[in-house]
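This report refers to the structure that appears directly beneath it.
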Amino acid sequence: MSRPQRLIELLTALQTRRRTTAESLAEELGVSARTVLRDVRALLDAGIPVITERGKYGGISLLPGDQVDLSKLTTGEADLLRAVGLDLDRARQLGGEAAARSALRKLTPRRSPPPARDDLPLSLADVVAVDNRPWFDDPAPVPDVAGLVRDLRTARRLRIGYRHSGSATVRDLVVDPYGLVQRAGRWYLVADREGRPRMFALARLQRWTLLDTDRGLRPGADLAGTARELSEELEDRQRHVVVTAHLDADCLDMARRVLGSRFRTASARGDDGRVEITVAYDQLDGVRQLLQFSDHIEVVGPETARRLIHRLATRIAHAHPPPSSPQP
């Protein structure tokens, strides 16, 4: 179940009971209690009257007297919420901002919120802000997402002009599309090509054309399952080459941020001020990423990785000779 669908299911569950717990909702929705609490936070950010109380008799409930009525939603509004949840930016990209705002108005009560407790003069929204944008992100332009969605809903094949990563050439490919998925702020087209699932970044999708034939998907496959399958396959591939390196301890936080899921382990700080880390790549050439840590890192294994770093560093040094001395 995707997160947008889960938010709708969470609202439905809260409608049908006076009070429940994060653990109960987690079991019902098939996620962790921590995930349920993050979803509750998303509902609060959207102005949905959800309250949480700690303690033996606490729990999660809708604010009494402000019951949310999902039956007020039109079919189109409900469909959009199941696709993008409460994210207006995603709805705008899909050409559904007006429907999303209408849905939120219907789900959000007009009653003023209750006064804050005397011992807590500020509300949670006053002291907590959530920003899901990646750090230092400069998103590449993408094609008309809303137009692509309309064409995907015809359930027909596509001919796409696509530029693979690292290539300057755009190739024409015929694909059987499942749909779009957004991950880490980026849109991807999930489709079968020659009977095998693939994920295409919209930032490198140059064009597309609807074909006259219906799409032919693998039996039993759907968008959510195929996207999950591709993500797991990518993460599995990243375990093939495990690099060990010694890193200045002061750079450890930056390494976790820059390397992301490739970062595997870190030892305790040594007497020399360094930590031993392991980083996983799907191929040896990925070790190039570690060059950005310059003299703050030493790759110690495997030997093939050390040789590659040495070769790359030598080439960089040759390409940047010191300036010649001025003539007398």
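Values as computed for the structure displayed
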read-out: GLU233 versus GLU276: modelled label distance in nm, points set 7 Å from Cα along the beta carbon direction; value: 3.5
read-out: Binned Cα-Cα distances of segment 145-230, short to long, each 5 Å bin given as a whole percent; value: 3, 15, 28, 28, 19, 7, 1, 0
read-out: Most to least packed among 278-291, 307-320 [average Cβ atoms within 10 Å]; value: 278-291, 307-320
read-out: Range of Cα positions in segment 259-328 per principal axis (Å), largest first; value: 54, 32, 22
read-out: Estimated FRET transfer efficiency when R0 is 51 angstrom, pair SER294-THR12 (beta carbons, to 0.05); value: 0.45
read-out: Rh (Kirkwood; distinct C-alpha pairs) - segment 192-328, Å; value: 18.6
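Laboratory data are not the source of any read-out in this text; all were calculated from the coordinates shown. Worth saying up front: this structure is predicted, and the values here are computed from it rather than measured. Reconstructed Cβ throughout: ideal geometry from the backbone, glycine too, with neighbour counts over all protein chains shown.
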